[in-house]
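Below is one structure, written out as structure tokens, with a few remarks after it.
Any read-out appearing in this document is the output of simple, stated calculations on the displayed coordinates, not a laboratory observation. Fair warning: this is a prediction, and the values are worked out from it, not measured in the lab. We place every Cβ from the backbone using ideal geometry, glycine too, and count neighbours over all the protein chains shown.
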Amino acid sequence: MSGSESAIEVKVPDIGDFDEVSVIEVLVKPGDTIKAEQSLITVESDKASMEIPSPQAGVIVEVRIKLGDKVKQGTLLLTLKAGAAAVAPADAPSPQPSSASG
């Protein structure tokens, strides 16, 4: 069943009247599993700072920006592997039944 996962390029959305904004925080790293609308980076203009959310859930493949970078609308921030069922159930630490009888 290969081919169901696709890489999505996450770009800076419309950020208003600003030409360029500075990246002041990178909140994710490659390998992170994220949810839709989760904050990816924080950018700052002369007047305000704002978080850029993820357009959808997935796994971070590559982060293309770093702290201090200047970005504008359309700048490629990162690539995301969408549709990845990489979220493992956290409450199943070991699949073996514990038989501690002696």
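Data overview
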| item | result |
| --- | --- |
| Coil-residue trypsin sites (Lys or Arg not before Pro) of the stretch 1-52, DSSP, other Cβ within 10 Å capped at 12 | 35, 47 |
| Convex hull per residue volume in Å³, alpha carbons only, for the stretch 6-82 | 71 |
